[in-house]
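Asker: Below is one structure. I have some questions about it.
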Amino acid sequence: MENSSSTLSYFFIIFFFLVSFLSSRTVVLVNCLSTDGQVLLSLLKAAKDPYAKSSSSSFVLSSWNTSSSTPCSWQGIYCSPQQRVISVSLPNIFLNLSYLPSELSSLSSLQLLNLSSTNISGSIPSSFGSFTHLRLLDLSSNSLSGPIPSELGGLTSLQFLFLNSNRLSAKIPQQLSKLSSLEILCLQDNLLNGSIPKQLASLVSLQQFRIGGNPQLTGEIPAELGLLTNLTTFGVAATGLSGVIPHTFGDLIYLQTLAIYDTEVFGSIPRELGMCSELRNLYLHMNKLTGPIPPQLGKLQKLTSLLLWGNFLTGPVPDELSNCSSLVVLDVSANDLSGEIPGDIGNLEVLEQLHLSDNALTGSIPWQLSNCSSLTALQLDKNQLSGTIPEEVGKLKYLQSFLLWGNSVSGTIPAAFGNCSELYSIDLSRNNLTGSIPEEIFSLNKLSRLLLLGNSLTGRLSSSVGKCLSLVRLRLGENQFFGPIPEEIGQLQNLVFLDLYMNHFSGELPSQITNITVIELLDVHNNYLTGEIPSSLGELVNLEQMDLSENSFIGEIPWSSGNLSYLNKLILSNNLLTGPIPKSFSNLQKLTLLDLSSNSLSGAISPEIGYMTSLTISLDLSSNRFTGELPETLSRLTQLQSLDISHNMLTGRITILSFLTSLTTLNVSYNNFSGPIPVTPSFRTLTSNSFLDNLLLCESIDGSTCSAHLTRRNELKSAKIIALVAVIVTFVSIAVMATWYILTRKNRYEFEKSPGIVAGSYGYIAPEYGYTVNITEKSDVYSYGVVLLEILSGRSAIEPQIGDGLHIVEWVKKKMGSFEPAVTILDSKLRGLPDQMVQEMLQTLGIAMFCVNSSPTERPTMKEVVALLMEVKSPPEEFGKTSQPLINQSTHS
């Protein structure tokens with residue numbers, strides 16, 4: 001047992017010494033790694049997860065063997081013959097560093113440090129200024145923030161500094177001017193502010209100066225930078241720099257790219273730039289430059305790109321530009337250039353893009369442009385060009401885009417376009433073109449955009465249109481095309497926009513359109529289309545806008561329309577549609593505008609309309625035959641801005657509309673609404689035109705001022721009035737004369753003697769007699785209105801059956817403000833007359849209330865009253881009953 005125990009103890013002792021030896025051996029191995037190698041391991045300490053399997057760093061860093069005596073065999077590390085690290089190059093390796101280790105500055109022999117696109121955050125350590133041998137520092141395309149350390153000015157050997165595409169802020173340190181060996185300075189796409197230090201002009205070896213993409217960089221471009229005569233690239237685009245372009249830049253004889261665009265720079269283009277004979281790219285677009293284009297730019301024989309668009313340049317396009325024989329892109333669009341297009345531009349044989357749009361150019365299109373045999377884009381839109389399109393355009397066999405819209409070009413569309421087999425976009429809209437579309441156009445199998453809007457084109461749309469299988473936009477609106485829409489249009493499987501509006505197309509809408517499943521816009525309004533709306537249109541599930549208005553479509557709105565779930569605008573107005581609004585409309589949850597006006601739709605307004613809460617722009621159901629009351633669900637349309645339900649036969653109250661708090665336009669006129677008009681803020685901004693010809697609508701809750709008041713500035717244009725309105729006029733005229741006699745002869749003395757008599761004396765006397773003895777025509781009008789009320793109601797101005805001592809005017813107001821139908825105001829003998837006659841009597845009731853307004857200034861004149869009555873008067877032969885009940889109305893039963 002003892003032998004066994006001592007053997008076990010001996011084993012544990014041997015194991016302990018073995019483990020201790022191996023552990024000490026490991027420590028010795030790590031300690032054998034050179035100082036430079038241990039410094040590099042600081043990168044691993046800063047890494048959040050350097051060995052993540054998904055990281056691109058795993059392969060590279062797996063070679064960083066800590067058992068090595070030096071890091072010289074590690075991936076991305078290069079050493080001198082003395083085993084000192086001279087290069088750390090790990091671009092595009094996902095190190096994912098939370099900070100940039102300051103320990104790296106201990107690599108005293110380092111000449112190249114490239115950590116671009118390694119996902120580093122934090123700031124640049126100021127200790128990096130101690131790299132005395134560093135020639136290249138590239139920390140670009142990371143997430144570095146904070147200022148650029150001024151200590152970097154101590155890198156006297158530095159030739160290349162790339163700090164672009166980070167989040168560096170603060171000013172550009174003046175100390176960078178001490179980098180006397182610097183050849184490339186890239187600080188673009190940061191958050192730098194302040195101005196460009198003029199001291200940088202001392203960097204005489206500098207070849208590339210790029211600080212664009214710093215929007216907060218302000219001040220002027222220092223003229224001293226013209227001393228950097230070795231510059232090949234100068235870029236300050238997308239900054240807040242202002243002032244003028246220094247004339248001293250003409251001394252930059254090696255300059256190849258000058259990029260000063262999207263800034264606040266103003267003034268003229270220096271003519272001295274014509275001396276920069278090596279210039280290839282001149283980018284001065286999107287500034288505030290004025291004056292002419294310098295003819296001296298024509299000296300730039302090596303110029304390939306000239307971009308001057310988006311300025312305020314004036315004068316002509318210089319003929320001298322035709323001497324820039326290397327020019328590939330010429331873009332002077334969106335300026336104020338005038339004059340004619342120089343024909344000599346046709347000498348630019350390698351020109352690929354010519355953009356002259358949005359200027360004030362005149363004259364015709366030079367046929368010489370056809371000599372630009374390499375041309376791919378010719379954009380002449382938004383000018384004042386005239387003449388015809390030259391047939392020679394067919395020689396441009398590489399032409400891809402031809403834009404001419406918004407000019408005054410006439411003549412026909414050249415058939416020669418058919419030779420331009422690479423064409424994908426033709427826009428000739430808004431010109432004076434005539435004739436038909438050449439068949440050759442439809443042979444262009446790459447054509448994706450054919451826009452001919454707003455011309456005077458005629459003829460039939462050829463069935464050959466179905467051959468343009470690449471068409472994405474076909475816009476032929478505002479022309480004079482006629483005949484049927486060809487069925488072959490359904491073969492255009494890629495068509496997204498189809499505009500055929502304002503033409504003379506006839507026949508039915510071809511059902512084959514439903515084969516275009518990607519279509520988003522269908523507009524055929526203002527044509528002569530007939531037949532029913534194809535129910536198969538409901539299969540166009542990508543449709544966003546559909547306008548079939550101003551045609552002669554018949555039948556009901558297809559139930560399948562509710563399947564168009566992406567629809568945001570639906571316009572079916574001015575057709576012959578009948579039936580109800582489909583309940584499936586509740587599925588149109590993206591619809592912002594619905595216009596069904598001027599049809600013969602009938603029935604109640606579907607409650608489902610209220611569930612279309614996306615309706616924000618407009619809902620127009622006017623000029624139909626809708627009946628019944630407004631559905632309560634309309635209260636859900638709280639974002640709706642415009643509602644028109646006028647010219648229907650709707651009844652009930654409109655108080656539900658008070659929930660539509662976003663309304664800016666409302667029209668409920670020419671219906672049979674009753675009750676109070678809401679007094680919400682949105683209703684207070686509406687005019688009286690919104691409520692015309694709803695005689696039982698009242699302006700306030702108590703009915704004290706009713707809709708007859710709202711008709712003052714608009715003629716009452718209803719159908720007709722009762723057959724013997726002329727008898728009423730005569731009768732009332734006699735009554736008015738009698739009132740006049742009573743007031744002026746019999747009682748005048750009493751009124752003069754008692755000016756304080758109570759306002760609103762009963763009978764025929766106007767209320768203002770209680771305050772003044774002035775007798776005006778408007779007082780007579782009040783009496784006139786009282787007599788009209790007596791005729792219509794069968795009651796006297798004051799009699800016991802009215803009750804509570806109410807005058808007839810107050811009694812009628814009270815009735816109109818109640819929930820009782822307005823017809824109960826009429827004499828019971830009149831209520832049995834035909835509905836049309838009853839409606840006309842209610843209109844007359846409105847005129848009467850107009851006359852008895854408590855404010856004299858709001859009453860009409862007698863001439864206006866007679867005109868209003870005559871407007872609604874009907875020929876007696878139109879009615880089956882006589883007006884005898886009106887004659888006997890004075891005897892109230």
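Asker: Looking at segment 111-126 only, could you name the residues that are closer than 21 Å to Gly37 by Cβ, out of contact with any helix residue (DSSP H, G or I) (no Cβ under 6 Å at 6 or more places or on another chain) and either at pLDDT 95 or above or of a type outside the set (S, T, N, Q) (or both)?
Answerer: Listed by number, the residues that qualify are Gln111, Leu112, Leu113, Asn114, Leu115, Ile120.
Asker: Here is a further query. For Thr517, work out the one condition from (1) surrounded by 16 or more Cβ atoms within 10 Å (Cβ to Cβ); (2) under 30 Å from the mean Cα position of the chain (by Cα) it doesn't fulfil.
Answerer: (1)
Asker: Could you check segment 462-490 and list, in sequence order, the residues that are among the polar types (S, T, N, Q) and crowded, with 18+ Cβ neighbours inside 10 Å?
Answerer: Passing the criteria: only Asn479.
Asker: Of everything in segment 824-840, what is modelled with pLDDT under 80, surrounded by 16 or more Cβ atoms within 10 Å (Cβ to Cβ) and part of a helix (DSSP H, G or I)? Give them in sequence order. Outline the logic, then answer.
Answerer: Here is the first cut: in segment 824-840, the residues modelled with pLDDT under 80 are 828-840.
If we keep only those that are surrounded by 16 or more Cβ atoms within 10 Å (Cβ to Cβ) too, we end up with 829-830, 833, 837-840.
Hits for segment 824-840 are Met837, Val838, Gln839, Glu840.
Asker: When you scan segment 178-218, how many residues do you find that are farther than 19 Å from Asn142 by Cβ and either buried (at least 20 other Cβ atoms within 10 Å of the Cβ) or more than 40 Å from the chain's Cα centre (by Cα) (or both)?
Answerer: Count: 21.
Asker: Given the criterion modelled with pLDDT of 95 or more and not in a helix (DSSP H, G or I), identify the matching residue among Tyr99, Tyr78, Tyr51. Walk me through how you get there before you give the answer.
Answerer: On the way: Tyr99 fails: modelled with pLDDT of 95 or more; Tyr51 fails: modelled with pLDDT of 95 or more.
Exactly one of Tyr99, Tyr78, Tyr51 is modelled with pLDDT of 95 or more and not in a helix (DSSP H, G or I), namely Tyr78.
Asker: Answer yes or no: is there a residue in segment 544-562 that is surrounded by fewer than 17 Cβ atoms within 10 Å (Cβ to Cβ), in a loop (DSSP other than H, G, I, E, B), of a type outside the set (Asp, Glu) and under 27 Å from the mean Cα position of the chain (by Cα).
Answerer: There is no residue in segment 544-562 that is surrounded by fewer than 17 Cβ atoms within 10 Å (Cβ to Cβ), in a loop (DSSP other than H, G, I, E, B), of a type outside the set (Asp, Glu) and under 27 Å from the mean Cα position of the chain (by Cα).
Residues are listed down the side, and each one gets a yes or a no for (1) out of contact with any Phe, Trp or Tyr (no Cβ under 7 Å at 6 or more places or on another chain); (2) at pLDDT 95 or above; (3) among the hydrophobic types (A, V, I, L, M, F, W, C):
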| site | (1), (2), (3) |
| --- | --- |
| Arg84 | yes, yes, no |
| Ser109 | yes, yes, no |
| Gly129 | yes, yes, no |
| Thr132 | yes, no, no |
| Leu144 | yes, yes, yes |
| Gly153 | yes, yes, no |
| Phe160 | yes, yes, yes |
| Gln174 | yes, yes, no |
| Ser181 | yes, yes, no |
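Asker: Still on this structure, I have one more. Among (1) touching a residue at least 40 places away in the same chain (Cβ under 8 Å); (2) assigned by TED's automatic domain parsing to the domain that holds Ser326; (3) under 22 Å from Lys467 (Cβ atoms), which single condition is His355 missing?
Answerer: (3)
Asker: Any residue at all in segment 655-670 that is β-branched (Val, Ile, Thr), in a strand (DSSP E or B), farther than 29 Å from Lys815 by Cβ and in the same structural domain as Asn551 (by TED's automatic domain parsing)?
Answerer: yes
Asker: All but one of (1) loosely packed, with under 15 Cβ neighbours inside 10 Å; (2) closer than 28 Å to Gln493 by Cβ; (3) modelled with pLDDT of 95 or more hold for Ser565; which doesn't?
Answerer: Ser565 satisfies all of (1) loosely packed, with under 15 Cβ neighbours inside 10 Å; (2) closer than 28 Å to Gln493 by Cβ; (3) modelled with pLDDT of 95 or more except (3).
Residue-wise test of (1) crowded, with 17+ Cβ neighbours inside 10 Å; (2) more than 23 Å from Ser109 (Cα to Cα).
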{"residue": "Leu139", "(1), (2)": "yes, no"}
{"residue": "Gly146", "(1), (2)": "no, yes"}
{"residue": "Pro149", "(1), (2)": "yes, no"}
{"residue": "Asn164", "(1), (2)": "yes, yes"}
{"residue": "Leu176", "(1), (2)": "yes, no"}
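Asker: Kindly check whether there is at least one residue in segment 615-631 that is touching a helix residue (DSSP H, G or I) at 6+ places or on another chain (Cβ under 6 Å), buried (at least 16 other Cβ atoms within 10 Å of the Cβ) and not charged (D, E, K, R). Talk me through it step by step, then tell me what you get.
Answerer: Residues of segment 615-631 that are touching a helix residue (DSSP H, G or I) at 6+ places or on another chain (Cβ under 6 Å), as a first pass: 630-631.
Filter once more, keeping what is buried (at least 16 other Cβ atoms within 10 Å of the Cβ): 630-631.
Checking the rest, the ones that are also not charged (D, E, K, R) come to 630-631.
Yes: segment 615-631 contains one or more residues that are touching a helix residue (DSSP H, G or I) at 6+ places or on another chain (Cβ under 6 Å), buried (at least 16 other Cβ atoms within 10 Å of the Cβ) and not charged (D, E, K, R).
Asker: Among (1) within 26 Å of Val236 (Cβ to Cβ); (2) surrounded by 22 or more Cβ atoms within 10 Å (Cβ to Cβ), which single condition is Leu351 missing?
Answerer: Every condition holds for Leu351 apart from (1).
Per-residue answers, yes or no, for (1) closer than 22 Å to Ile677 by Cβ; (2) part of a strand (DSSP E or B):
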{"position": "Leu570", "(1), (2)": "no, yes"}
{"position": "Ile581", "(1), (2)": "no, no"}
{"position": "Ser586", "(1), (2)": "no, no"}
{"position": "Gly610", "(1), (2)": "yes, no"}
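Asker: Another question, then. Which residues, taken from segment 333-364, are of a type in the set (Val, Ile, Thr) and over 17 Å from Trp405 (Cα atoms)?
Answerer: Within segment 333-364, Ile345, Val350 qualify.
The values are calculated or read from the model by the stated rules, or taken from the named source; none is laboratory data. Just so it is clear, the model here is predicted, and its values are computed rather than measured. Neighbour counts run over all protein chains shown; Cβ positions are idealised from the backbone, glycine included.
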